[in-house]
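Below is one structure, written out as structure tokens; comments come after it.
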Amino acid sequence: MLFRATVLTLYPEMFPGHLGVSLAGKALERGDWSIEPVQIRDFAGDRHRTVDDTPAGGGAGMVLKPNVLARAIDHVSADDERPRLLMSPRGRPLTQERVRALAAGPGVVVVCGRFEGVDQRVIDTRQLEEVSIGDYILSGGEPAALVLLDAVVRILPGVMGNELSGVHESFEGGLLEHPHYTRPQVFEGQEIPAVLTSGNHAAIAQWRLAAARRLTAERRPDLLERDLKPQPDPAQPVKK
């Protein structure tokens, strides 16, 4: 099943951005997934192609006009089963669980807000799911959309090549990822932990799990309070 991403934006030239290079870019060239940036301004009804207006009740900034954005959404996703996402700092935080669910589906329609925000009536009537990538403010939804798509595309079948690469990552097992090492054996007086070069896969798996738990307890103790699934055993093959 082809994963199709449609992005509604005032700056379509920002896409595919970094997703057009490296493994994601190669997968895009192969046709493993697709992205279609759509200019919201094309759906404005006046000769000036106006897309915003002053906020009701007063205040600073401008708000995206509901009729213009609604026309754009209807044009790209009428009778479309793909979820409609609005990148917004007030949305629910994006999690790896949500990323996996999106990657398993047919694709997404992503709305990139600008100015002070989007008219609430469009959010309600077009059933937009508000999604946040963090507790900070960006100049628009485009960088957030690229982050979301990056997280999804990288776990699509065949994109990363080595399927184990996507399993042993932070948040995939509910924990932060364990530390990594590679040659040379000694770097500035520090050696690779001996267990990692022992060839004992069971001991290596235990060391990695303990290290991941320690890092999670130090940096993200909130993750330990959730119901966590077991960390996959690196010595075992991935079941398909």
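Which is the longest part of the chain that has none of the GluC sites (Glu not before Pro) sitting in a DSSP loop with at most 12 other Cβ atoms within 10 Å? That would be 82-187. The charge dipole of the chain, taken about its Cα centre with unit charges on the Cβ atoms of Lys, Arg (+1), Asp and Glu (-1) only, comes to about 300 debye. A compact globular protein would have a Cα radius of gyration near 2.2 N^0.38 Å; the ratio found for segment 1-90 is 1.29. Per-residue ellipticity at 222 nm computed for the chain from its helices equals -8500 deg cm²/dmol, with DSSP H segments shorter than 4 residues left out and the rest contributing -39,500 (n - 2.57).
Using the alpha-carbon positions of segment 81-165, Rg (one decimal) and Dmax (whole number) come out as 13.5, 44 Å. If you take the Cα atoms of the chain, find Rg, then find the Kirkwood Rh from the mean of 1/r over all pairs, what is Rg/Rh? Here the Rg-to-Rh quotient is 1.06. Springs between Cα atoms under 10 Å define the GNM used for the chain, and in it the highest mean-square fluctuation of Pro179, Pro93, Pro143 occurs at Pro179.
Sorting 53-61, 31-39 by average packing, meaning the other beta carbons within 10 Å per residue, from highest down gives 31-39, 53-61.
With the charge dipole of segment 98-211 set up from +1 on Lys and Arg Cβ and -1 on Asp and Glu Cβ about the Cα centre, the Cα lying farthest toward the positive end among the listed residues Ile155, Gly140, Gly199 is that of Gly199. Between 0 and 90 degrees, the angle of helix 66-77 with respect to the longest Cα principal axis of the chain falls at about 60 degrees.
If you plug the beta carbon distance of Gln206 and Ser22 into 1/(1 + (r/R0)^6) with R0 = 30 Å, you get a FRET efficiency near 0.35. Each residue, Ala56 and Asp135, gets one label point 7 Å from its Cα in the Cβ direction; the gap between the two is 3.1 nm.
Just so you know, all these numbers are worked out from the coordinates, no wet-lab data involved. Being a predicted model, the structure only gives us computed values, none of them experimental. No Cβ is skipped: glycine too gets one built from the backbone with ideal geometry, and neighbour counts run over all protein chains shown.
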